Amino acid sequence: MLKQLVPCFALMLVCLADEMRLKVKPVSKPVRLFTDEELRRYDGSEDGEPIYMAVKGVVFDVTSGKNFYGKSASYNALVGKDSTRAVAKMSLNPEDLTHDTTGLTKEELESLDRIFSETYKSKYPIVGYTHRRILNEDGSPNEDFKPEDQPHFNIRNEL
Ligand code: HEM
């Protein structure tokens, strides 16, 4: 009798394990903290690799905009780095390819915020934040850091 029950019990365990596996919510890819060096790896120079670009310290996956940002495309200079200043000034001058917003005019800062929300946040997924946004200069955590809200962006899952 016991011998006959063993396969039954084993089958029950398999079914139970299967059901539990189905109930576990898939965890989406966690967002990352990027150093300048890490961000540089995603500059579109290698075919098939993701392309990342930061604006205001938020790192976006702009791979779907490959026609703009890929190797030899018009805006390739903006990727693999934080190009906040270039976006604010609509400039591709090498000196503007930086996170630094020092001395930008009110209009440029407004334009930056508009492009940040209407183009980058609405079009591209967030994959992380630059160290400048998450950490203070001495390496301590930036207490004011708040993850950007985005459709499909679940803070509990992501951070
Ligand atoms: C005469 C100068 C320019 C013209 C005519 C022009 C025109 C355009 C056009 C037609 C698009 C495509 C829009 C779309 O299909 O969604 C575009 C996208 C874009 N432009 Fe320009 N552009 C110029 C200069 C610049 C400069 C100097 C920058 C420097 C930052 C810039 C940054 C961008 C970016 C980042 C995008 C892509 C945005 C995205 O990811 O959707 N553009 N531009």
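Here, each number is a calculation from the coordinates, and none is a lab measurement. Predicted, not measured: the structure shown is a model, and the values here were computed from it. Cβ coordinates were reconstructed from backbone atoms using ideal geometry, including for glycine residues, and neighbour counts include every protein chain displayed.
Some notes on this structure:
- Checklist (1) within 12 Å of the ligand (Cβ to nearest atom); (2) surrounded by fewer than 16 Cβ atoms within 10 Å (Cβ to Cβ) applied to residue 70, failing item: (2)
- With respect to the conditions (1) in contact with a helix residue (DSSP H, G or I) (Cβ under 9 Å, 6 or more places away or on another chain); (2) surrounded by 15 or more Cβ atoms within 10 Å (Cβ to Cβ), residue 135 falls short on a single one, namely (1).
- Selected residue (criterion: nearest to the chain's Cα centre (by Cα)) from residues of the range 96-147 that are more than 16 Å from residue 60 (Cα to Cα) and in a strand (DSSP E or B): 135
- Long-range neighbours under 7 Å by Cβ, at least six apart or interchain, first residue under 13 Å from residue 84 (Cα atoms) and free of Cβ contacts under 8 Å to residues at least 60 places away in the same chain within the range 109-131, second hydroxyl-bearing (Ser, Thr, Tyr) and within 13 Å of the ligand (Cβ to nearest atom): 112/84
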